[in-house]
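Scroll down for the structure; my scribbles are underneath it.
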Amino acid sequence: MKESQRPLIHVKVLGSSSAGNSTLIWNKQNALLVDIGFSQRYMRERFEEAGVRLSMLSGVLITHLHSDHLRQSMLNKVLSEGIPVYVHQRLAPVLFRRFKVKNRALLRTFKNDWFDMGPFRIRGFQVPHDSEGGCFGYNIHLGKTKVSVATDMGFPENGLAGFFKNSDVIVIESNHDPDMLANSGRSMELIERIQSIGHLSNEQCSRFLEDVFRRSDRLPRAIALAHLSEDCNLPGLARQTTADLLQRFQLDTTQLEVSPKNAPSETLTIFDE
């Protein structure tokens, strides 16, 4: 690292699969979480590894209410620590019905506009996924650095790529290989659900990123592939599909991480240039 370079922001997928999802974003003073789908013990261990204190959290963003993205024990923990939890206003009544929220004053709702969480400037946007109340991705700005996160996205509908353009870091799902899914022994109903509204395939992820690249004035410096299927994908397949795209765009310096199943990814760090 050059002496003049300073780390502006770190992004670490703490885990991403059907067993649990959470992404940590932080700088020297402040942090936020996108989803809290793991146990308190697991999250504590990941925070210790990253050198981040729970007290640094400006808040928690929830994408949707599937149990692998929001766990009751972690909801209790962050609220007991006085850390606000942010959900889209359409998710709030569903959350109150399905979860015990002991301190409702710390549950913050937002609409389809920008809001601040400590030093972070945030916008939520809806993505297609079969979750009651809806599912949301996030643009997270810290200064001039933009991080875009969507770990569950059933299909790349028109217009979604616009939310991801000019991102420095993209966290996006690359869930399954279509052939592996077709031969997985799963019911046709489940296969159709995954393909139609559940999750992006490796190829869909790549095509979506290509659309993002073509709309962008600047291209991402880091990409994390998330929510890989345990039975219907391989890390090498997901990586190669996106690596081929990066090669076509001559993005030799773009860091590409494939989030392990039930384990943290390597840290993506964006430096001042």
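The values are calculated or read from the model by the stated rules, or taken from the named source; none is laboratory data. Since this is a predicted model, take the numbers as computed values, not measurements. In this analysis, Cβ positions are derived from the backbone assuming ideal geometry, glycine residues included, and neighbour counts consider all displayed protein chains.
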Note on the stretch 17-49: residues modelled with pLDDT under 95 and aliphatic (A, V, I, L, M) are Ala19
Taking the stretch 1-48 and the residues there that are among the acidic types (Asp, Glu) and over 19 Å from the mean Cα position of the chain (by Cα), the one that is farthest from Phe120 (Cα to Cα) would be Glu3
Answer yes or no: is there a residue in the stretch 125-141 that is at pLDDT below 90 and out of contact with any His (no Cβ under 7 Å at 6 or more places or on another chain). yes
**Message:** Any residue that is small (Gly, Ala, Ser) and surrounded by fewer than 17 Cβ atoms within 10 Å (Cβ to Cβ) - is there at least one of those in the stretch 165-180?
**Reply:** no
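Residue-wise test of (1) within 29 Å of Ile194 (Cα to Cα); (2) surrounded by fewer than 19 Cβ atoms within 10 Å (Cβ to Cβ); (3) without any contact (Cβ under 8 Å) to a residue 60 or more places away in the chain.
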residue: Asn103; (1), (2), (3): no, yes, yes
residue: Asn112; (1), (2), (3): yes, yes, yes
residue: Gly118; (1), (2), (3): no, yes, no
residue: Arg123; (1), (2), (3): yes, yes, yes
residue: Ser131; (1), (2), (3): yes, no, no
residue: Gly137; (1), (2), (3): yes, no, no
residue: Leu142; (1), (2), (3): no, no, no
Subset of the stretch 124-139, residues in a loop (DSSP other than H, G, I, E, B) and within 22 Å of Met74 (Cα to Cα), comes to Ser131, Glu132, Gly133, Gly134
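Yes/no matrix, rows are residues, columns are (1) of a type in the set (Gly, Ala, Ser); (2) at negative phi; (3) more than 18 Å from the chain's Cα centre (by Cα):
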{"site": "Asp68", "(1), (2), (3)": "no, yes, no"}
{"site": "Ser80", "(1), (2), (3)": "yes, yes, yes"}
{"site": "Leu107", "(1), (2), (3)": "no, yes, yes"}
{"site": "Val127", "(1), (2), (3)": "no, yes, no"}
{"site": "Cys135", "(1), (2), (3)": "no, yes, no"}
{"site": "Asn139", "(1), (2), (3)": "no, yes, no"}
Take Val60 and decide whether it is in contact (Cβ under 8 Å) with a residue 40 or more places away in the chain and among the β-branched types (Val, Ile, Thr).
no
By residue number, the members of the stretch 192-224 that are out of contact with any Asp or Glu (no Cβ under 9 Å at 6 or more places or on another chain), charged (D, E, K, R) and more than 15 Å from Gly162 (Cα to Cα) are Glu192
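Looking at Lys77, is it basic (Lys, Arg), surrounded by fewer than 20 Cβ atoms within 10 Å (Cβ to Cβ) and either farther than 25 Å from Val258 by Cα or out of contact with any Leu (no Cβ under 7 Å at 6 or more places or on another chain) (or both)?
yes
Picking from Leu8, Leu61, Leu14, Leu75, which residue would you name as being of a type outside the set (S, T, N, Q), modelled with pLDDT of 95 or more and under 23 Å from Lys144 (Cβ atoms)?
Among Leu8, Leu61, Leu14, Leu75, only Leu61 is of a type outside the set (S, T, N, Q), modelled with pLDDT of 95 or more and under 23 Å from Lys144 (Cβ atoms).
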In the set Ala182, Ala150, the lone residue that is among the hydrophobic types (A, V, I, L, M, F, W, C), within 13 Å of the chain's Cα centre (by Cα) and closer than 23 Å to Thr242 by Cβ is Ala150
When Leu181 is run through (1) in contact with a Ser or Thr (Cβ under 6 Å, 6 or more places away or on another chain); (2) among the aliphatic types (A, V, I, L, M); (3) in contact (Cβ under 8 Å) with a residue 24 or more places away in the chain, the failure sits at (1)
Reported set for the stretch 221-273 where residues are touching a residue at least 12 places away in the same chain (Cβ under 8 Å), of a type in the set (Asp, Glu) and out of contact with any Pro (no Cβ under 9 Å at 6 or more places or on another chain) is Glu230, Asp231, Asp244, Glu257, Glu266, Glu273
Open item on the list: Quick check on the stretch 171-179. Is at least one of its residues of a type outside the set (Asp, Glu) and over 15 Å from Thr242 (Cβ atoms)?
Closed with: yes
Of the candidates Leu234, Leu200, the one satisfying the condition of being over 17 Å from Leu268 (Cβ atoms), buried (at least 21 other Cβ atoms within 10 Å of the Cβ) and not charged (D, E, K, R) is Leu200
